[in-house]
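Report on the structure given below.
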Amino acid sequence: MADAADLVSLDDDAYYQDPLALFARLRESRPVALARMPDFGRVWIITRYADVRAALADPRLVNQPDRGPDDGGSVPSVHALLNTDPPDHTRLRRLMQKAFTPRRAAQLRPRTAEIATRLLTQMAAGGDVVDLLGGYARPLPITVISELLGIPERDRTWIWIIVTDYGKGGAELQRVPQELGTYFTRLICAKRAEPGNDLLSALILAHDAAGEDGAETALTTTDLLSAAYHLVMAGFDTTVNLIASGTLALLTHPEEMALLRQDPSLLPAAVEELLRFTSPVNHVSARFTNEDLPVGDVVIPAGEWVVIATSSANRDPAQFPDPDRLDLSRDSGSHIAFGHGIHYCLGAPLARMEAEVALGALLTRFPELSLAVPSEELRWRAVSLMNGLESLPVRLGRHC
């Protein structure tokens, strides 16, 4: 077993600013490597596409925090879909998947387009140089998910801030779930007294009706809290990163951006390639082995943390020829930006729809959009899990 000096670091500025460079080296030399990661201590990291895809569906890798190894790291004790295993996961996913069907996403498209138009108008009024992240990429997804859940407008800025805080790690991994739990407990009480036309009210009504009928309650109070927490945490930051990083990728590949402007029907395929190319999530939430796990030529022992690097898999040349080139005509359907297996992202239809609307509206409104700073001056957040910019200064130029 490697000692501490041999561990790959997932906690330094070089990694945060360019994780794909590290992953590329590991794919070539150590596709299954030992690393040190904030809040988890020592972990194993898997980087090749075939291994990553297999690991995502392997039942020997589990999620429940109370079954993790005690190696000095800390584990966020969040009861949510991402942190459960069957049978709890199966039951919760079945209940929640109704919120994220392609049909429901399509129903939300007109309202999402209205939100995008309003935000772009506000940005245009702010001057020629604006931060696209703060003015557009962040407020659009949190507004959509807040309206889906029925979060009052007065609370949405706080939701935005606290979700962003969670990505900082450390003490925030405990504080944020506690504060969100308290908030959603109050919100559930309010909606039970006065239901609205939103998903959280519908879930509450279903829960209460099951109890009144004397049948086995399908959704517990804890489940309600878990559903609300999951929808906010999983539905916000990832889409923010997709919109912002997708815009950056297009701005730094002007020929591809011109192609998309000329033919907006390419937007669905473009979003898939942008998901592959930008990978809004560096890796899935850390899992651990409940028994020995062979991966390639390595056997990861039972009781070890494992990081499955989906962003590395999406740049694996064994799966995607010339993977570091953005190509909107590429068949990117096999990307795993949304994961794979039983934990495949429930919000994928919603995220795709939001990205299509956001990018389409942005490119139409601002035909002369450009970066306001050299791309090498942009900074990425010091977060291992998420692959997100700190800011994205752009010059709007002439606009419609």
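Tabulated data for the structure shown
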item: Candidate set from the stretch 260-280 (those that are within 30 Å of residue 43 (Cα to Cα) and in contact with a helix residue (DSSP H, G or I) (Cβ under 6 Å, 6 or more places away or on another chain)); member that is surrounded by the fewest Cβ atoms within 10 Å (Cβ to Cβ); result: 278
item: Test: residue 187 is assigned to a helix (DSSP H, G or I), under 16 Å from the mean Cα position of the chain (by Cα), surrounded by 14 or more Cβ atoms within 10 Å (Cβ to Cβ) and modelled with pLDDT of 90 or more; result: no
item: Yes/no for residue 375 being touching a Lys or Arg at 6+ places or on another chain (Cβ under 7 Å) and not aliphatic (A, V, I, L, M); result: no
item: Residue, surrounded by the most Cβ atoms within 10 Å (Cβ to Cβ), within the stretch 159-182, restricted to residues that are touching a residue at least 24 places away in the same chain (Cβ under 8 Å), out of contact with any Ser or Thr (no Cβ under 8 Å at 6 or more places or on another chain) and in a helix (DSSP H, G or I); result: 166
item: Selection status of residue 140, of a type outside the set (Gly, Ala, Ser), crowded, with 20+ Cβ neighbours inside 10 Å, farther than 29 Å from residue 12 by Cα and touching a residue at least 40 places away in the same chain (Cβ under 8 Å); result: yes
item: Qualifying positions in the stretch 268-303 - in contact with a Phe, Trp or Tyr (Cβ under 7 Å, 6 or more places away or on another chain) and either under 17 Å from residue 237 (Cβ atoms) or among the acidic types (Asp, Glu) (or both); result: 286
item: Matching helices (runs of 4 or more DSSP H) fully within the stretch 10-60 where at least 2 residues are charged (D, E, K, R) and in contact (Cβ under 8 Å) with a residue 24 or more places away in the chain; result: 49-56
item: Some residue of the stretch 319-338 being farther than 20 Å from residue 239 by Cβ, touching a residue at least 60 places away in the same chain (Cβ under 8 Å), of a type in the set (Lys, Arg) and surrounded by fewer than 17 Cβ atoms within 10 Å (Cβ to Cβ); result: no
item: Residue, surrounded by the most Cβ atoms within 10 Å (Cβ to Cβ), within the stretch 283-310, restricted to residues that are under 25 Å from the mean Cα position of the chain (by Cα) and under 15 Å from residue 33 (Cβ atoms); result: 309
item: Residue selected from the stretch 213-247 under the condition β-branched (Val, Ile, Thr) and farther than 21 Å from residue 384 by Cα, by the criterion modelled with the lowest pLDDT; result: 217
item: Test for residue 124: is it at pLDDT below 95, among the small types (Gly, Ala, Ser) and farther than 17 Å from residue 247 by Cβ; result: no
item: Any hit, the stretch 383-395, residues being more than 21 Å from the chain's Cα centre (by Cα), charged (D, E, K, R) and in a strand (DSSP E or B); result: yes
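The values are calculated or read from the model by the stated rules, or taken from the named source; none is laboratory data. Treat the numbers as computed from the prediction; the structure is a model and nothing was measured. So basically every Cβ, Gly included, is an ideal-geometry build from the backbone, and we count neighbours across all protein chains shown.
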